[in-house]
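For reference, the structure discussed in these notes is given below.
The values are calculated or read from the model by the stated rules, or taken from the named source; none is laboratory data. Quantities reported herein were computed from a predicted structural model and do not represent experimental measurements. Methodologically, a virtual Cβ is constructed for each residue, glycine included, from the backbone with ideal geometry; neighbour enumeration extends over all protein chains shown.
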Amino acid sequence: MTTKKIHKAKILNLQKCSKDMYLLELEADNSFKSKAGQFISVYCERTLRRPFSIFSQKENIVSVLFREIGKGTKYLTSLKPNDTVDFSGAFGNGFRIKNKKALLIGAGVGVAPVFYLKNELEKQGTESLLISGFRSVSDIPSCVKSDFIVTDDGSNGIKSNVIDFALSKAEEFKPEIIYACGPKIVLQKSSELANKFNIECQVAMEKVMACSIGVCRGCVIDVLKDGKVQNATVCKDGPVFDGNEVVWQ
Ligand SMILES: Cc1cc2nc3c(=O)[nH]c(=O)nc-3n(C[C@H](O)[C@H](O)[C@H](O)COP(=O)(O)OP(=O)(O)OC[C@H]3O[C@@H](n4cnc5c(N)ncnc54)[C@H](O)[C@@H]3O)c2cc1C
Ligand code: FES
């Protein structure tokens, strides 16, 4: 069993950046290390710890972009700069970063880990295109810089769903790999899109989690390994899987 150190972190900033999304910036200790696609588990008073993808890490400053949906995330919105939170991590495998021309697809708050990845790809000089999709203008987080924004209702950026637009862009951009995060249907369609172009697709999955360390089996999904359907935990074996490995039921 892998346990992870609990980090006590000071809140540097908590900024509302869309109708219901917040950017939480934490000062971790210098021992904290992360990769794009990994997540941290944040203690939210009187609830289980809640998992959030890492949005960025610059030295010991770690941030997450979260959407307020229930009591844990509501508690986080009540915090103030200089308060402390505790979190553990970083958990999970993270994206396997390749030096290949990359199409990045982020839908809703799923844009968080692909935004981190985009910055990592830029640092290593790999060409990439980030397409992020939202329902409407009020859902677009101001802290995210995308190459293209699409909205379902056309209230900002291009009026399209994120997959239709990614397909049209992929025809001209000719990616060698796709990385995606968002609702399951977006991940499934991203994987199908990659298959059309005969390229690899890495998808960052989500499942409600309890332990985050592969013990409680609460986050199991079906994957295909050696031609057989097997179980994998999203928290430990994932959250990033090869799109063709996931059994999309
Ligand atoms: C690996 C991983 C990475 C994640 N990264 C992010 C992130 O970067 N930003 C972010 O905002 N959220 C992220 N999530 C989802 C986040 O963990 C949940 O939104 C959060 O736990 C909700 O806590 P809550 O106490 O506010 O809501 P709760 O009170 O627990 O739930 C409120 C409602 O939301 C539903 N719900 C809870 N969790 C999820 C979920 N994962 N997906 C869909 N519905 C859910 C519940 O069933 C319930 O109906 C991630 C989840 C995983 C597993
Ligand atoms: S959350 Fe416990 S095994 Fe994944």
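When you check SER63 against the structure, is it loosely packed, with under 15 Cβ neighbours inside 10 Å and among the hydroxyl-bearing types (Ser, Thr, Tyr), yes or no? Can you show your working first?
Numbers: loosely packed, with under 15 Cβ neighbours inside 10 Å: no; among the hydroxyl-bearing types (Ser, Thr, Tyr): yes.
Spelling it out, it is not the case that SER63 is loosely packed, with under 15 Cβ neighbours inside 10 Å and among the hydroxyl-bearing types (Ser, Thr, Tyr).
Looking at region 44-60, is at least one residue near ligand 1 (Cβ under 9 Å from one of its atoms), out of contact with any Phe, Trp or Tyr (no Cβ under 8 Å at 6 or more places or on another chain), free of Cβ contacts under 8 Å to residues at least 40 places away in the same chain and not charged (D, E, K, R)?
Scanning region 44-60 turns up no residue that is near ligand 1 (Cβ under 9 Å from one of its atoms), out of contact with any Phe, Trp or Tyr (no Cβ under 8 Å at 6 or more places or on another chain), free of Cβ contacts under 8 Å to residues at least 40 places away in the same chain and not charged (D, E, K, R).
Give the residue that is farthest from GLU245 (Cα to Cα), with candidates limited to residues of region 172-213 that are small (Gly, Ala, Ser) and within 13 Å of ligand 1 (Cβ to nearest atom). Spell out the reasoning first.
Of all residues in region 172-213, those small (Gly, Ala, Ser) come to 180, 182, 190-191, 194, 204, 210, 212.
If we keep only those that are within 13 Å of ligand 1 (Cβ to nearest atom) as well, we get 182, 204, 210, 212.
Numbers: GLY182: 17, ALA204: 12, ALA210: 24, SER212: 21 Å.
Looking at the filtered set, the residue picked out is ALA210.
Working carefully through the options VAL229, VAL215, find the one that is at pLDDT below 95 and either among the polar types (S, T, N, Q) or outside the structural domain of SER138 (by TED's automatic domain parsing) (or both).
Numbers: VAL229 fails: at pLDDT below 95.
Checking each option against the conditions leaves just VAL215.
Could you please find all residues in region 66-118 being in a loop (DSSP other than H, G, I, E, B) and of a type outside the set (D, E, K, R)? First the steps, then the outcome.
The first filter runs over region 66-118 and keeps only residues in a loop (DSSP other than H, G, I, E, B), leaving 68-70, 78-83, 92-101.
Selection gives ILE69, GLY70, SER78, LEU79, PRO81, ASN82, GLY92, ASN93, GLY94, PHE95, ILE97, ASN99.
Given region 141-249, what strands (runs of 3 or more DSSP E) lie entirely inside it while holding 2 or more residues that are free of Cβ contacts under 8 Å to residues at least 60 places away in the same chain and more than 27 Å from LEU121 (Cα to Cα)? Write out each step before concluding.
Numbers: elements: 148-151, 177-181, 200-204, 220-225, 228-233, 240-242.
By residue number, 220-225, 228-233.
Only one of SER88, SER63, SER31, SER56 is of a type in the set (Ser, Thr, Tyr) and touching a Leu at 6+ places or on another chain (Cβ under 7 Å). Can you tell me which? Before you say what the answer is, go through the steps one by one.
Values: SER88 fails: touching a Leu at 6+ places or on another chain (Cβ under 7 Å); SER31 fails: touching a Leu at 6+ places or on another chain (Cβ under 7 Å); SER56 fails: touching a Leu at 6+ places or on another chain (Cβ under 7 Å).
Only one candidate passes the filter, namely SER63.
Okay, residues lined up against (1) buried (at least 23 other Cβ atoms within 10 Å of the Cβ); (2) assigned by TED's automatic domain parsing to the domain that holds LYS35:
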site	(1), (2)
LYS71	no, yes
ASP86	no, yes
VAL114	yes, no
LYS118	yes, no
GLU122	no, no
SER128	no, no
ARG135	no, no
SER138	no, no
ILE149	no, no
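Could you list, in sequence order, all residues of region 1-53 that are within 16 Å of ligand 2 (Cβ to nearest atom), of a type in the set (Gly, Ala, Ser) and assigned to a loop (DSSP other than H, G, I, E, B)?
In the first step, residues of region 1-53 are kept if they are within 16 Å of ligand 2 (Cβ to nearest atom); the result is 1-4, 37-44, 47-53.
From what's left, of a type in the set (Gly, Ala, Ser): 37, 41, 53.
Residue satisfying the conditions is GLY37 alone.
Whether any residue in region 13-21 is crowded, with 22+ Cβ neighbours inside 10 Å, in contact with a strand residue (DSSP E or B) (Cβ under 8 Å, 6 or more places away or on another chain) and more than 18 Å from LEU117 (Cα to Cα) is what I want to check. Step through it out loud before you land on a result.
Applying the first criterion (crowded, with 22+ Cβ neighbours inside 10 Å) to region 13-21 yields 21.
Subsequent filtering for residues that are in contact with a strand residue (DSSP E or B) (Cβ under 8 Å, 6 or more places away or on another chain) retains 21.
Among the residues that remain, those that are also more than 18 Å from LEU117 (Cα to Cα) are: 21.
Yes - at least one qualifying residue is present in region 13-21.
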